[in-house]
Amino acid sequence: MKKTWSLFLCFVLAASVLLSGMTGALAAKSKKTSDTDTKLIAFTFDDGPGDYTDMLLDGLEERGAVATFFMTGENGTWGVKKYGKVMDRMIELNCQMANHTYNHKKFSKLTKGELQVAIDGMENYLFKAMGGQYNDLVRIPGGENSDNVSFVEHPVITWNLDSFDWKTRDTTAVYQAIMDNAKDGAIVLCHDLYPTSVQGALHAMDALAKQGYEFVTVSELLRRRGVEIKNGTIYSDASGKETRLPAYSAPELKAEESGEDVYTVTVENKVKGMTYYYTTDGSLPKLNSSQLGKKLEVKAGDHIVVAGYDEYAQRTPLAEQTFKSRQELETEALIAEKEEQRNNSFWVKIFRKLHLFGF
Ligand SMILES: [Zn+2]
């Protein structure tokens, strides 16, 4: 009988070692994702969406990664006019939807007025999908950039890492071009028009993740490296910057009972410049959802989802809460109390037995 108890104790010890090991592993992982020491890189995909955009979004979702899409309206057989459905998925994954003009005509062939029309034409699609207006990043077709872009009322984005994917159309070559030049703060240029680009970029992401890289959108890359973002200004990267800001965290909801089965909800950790939106049907809040002002009153039975959006339509992780009635809470408390009593008596019995056997 004594041998059985020794075995039991060994099991308890082994389990606690295992658990403490697991806690350590979890802590290391969360430090890596939210912490400020990680290297940041922004993948951008131009000229689409197209036939392979969904495949890319699958790959990003599997990796918990995001990217920035500089999209067109009608660009040959590509563009949101035909492939607009993918935008809902981009919003769900918190990818950045950006502007590559409606018809991808070269800037040098357009007057300022014509370029403005091309930017606005694409913007209509972006705003419709997001449910409201935001400051969309712009990339000029063909990468043409000069002082003339200063009139563009948006930040203008180029890149400092060209994958030459449109030229090589080879998965290994795309992968290698990215791996040879990757560094903290880089903006990578790819096109989601070719399967080789998608596969090469995802393959590179796997290798870069092992080197401690986190994949972020362009506006997040600039923000987290302390770069002040201005309209009419060109940004190619955020390399060599000292600043290390953390990613946005989910809104912390504080609920106080303000009447019978009525609660007042506030966001505890509001970020300056962020607007908070909510839904009560479990759907993802977008820019046309209800705005959460200073406080929000909810009833028992409501399920709210809250997200903060910055001016570039980048959102915080979601906060979700279901509100229970007083009766439900009382029943739950009673069950929990009984459970605790049962557990206590179980352990009390065990320890008494251990004591009997001389431990
Ligand atoms: Zn282009």
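The values are calculated or read from the model by the stated rules, or taken from the named source; none is laboratory data. None of these values were measured; they are calculated from a predicted model. Here the Cβ positions follow ideal geometry from the backbone for every residue, glycine too, while neighbour counts run over all protein chains shown.
Side notes on the structure shown:
- Looking only at residues in the range 127-150 that are small (G, A, S) and more than 16 Å from the ligand (Cβ to nearest atom), the one that is modelled with the lowest pLDDT is S146.
- Counted residues, the range 255-287 - those being within 27 Å of G132 (Cα to Cα) and in a strand (DSSP E or B): 10
- Checked against (1) of a type in the set (K, R); (2) in a loop (DSSP other than H, G, I, E, B); (3) under 20 Å from the mean Cα position of the chain (by Cα), R223 passes all but condition (2).
- Residues in the range 94-116 that are touching a residue at least 12 places away in the same chain (Cβ under 8 Å) and not polar (S, T, N, Q): C95, M97, A98, H100, Y102, H104, K105, K106, F107, K112, L115.
- Residue pairs meeting the criteria (Cβ under 9 Å; at least 6 apart or on separate chains; first in contact (Cβ under 8 Å) with a residue 60 or more places away in the chain and under 24 Å from A209 (Cβ atoms), in the range 43-57; second assigned to a strand (DSSP E or B) and away from the ligand (no atom under 14 Å from the Cβ)): F43/I187; F43/V188; F43/F215; T44/Q96; T44/I187; T44/V188
- Per-region count, the range 62-85, residues surrounded by 15 or more Cβ atoms within 10 Å (Cβ to Cβ), assigned to a loop (DSSP other than H, G, I, E, B) and within 12 Å of the ligand (Cβ to nearest atom): 2
- Restricting attention to the range 301-314, the residues being in a loop (DSSP other than H, G, I, E, B), surrounded by fewer than 20 Cβ atoms within 10 Å (Cβ to Cβ) and at pLDDT 90 or above number 3.
- Filter pass, M130 being closer than 19 Å to G73 by Cβ, surrounded by 22 or more Cβ atoms within 10 Å (Cβ to Cβ) and among the aliphatic types (A, V, I, L, M): no
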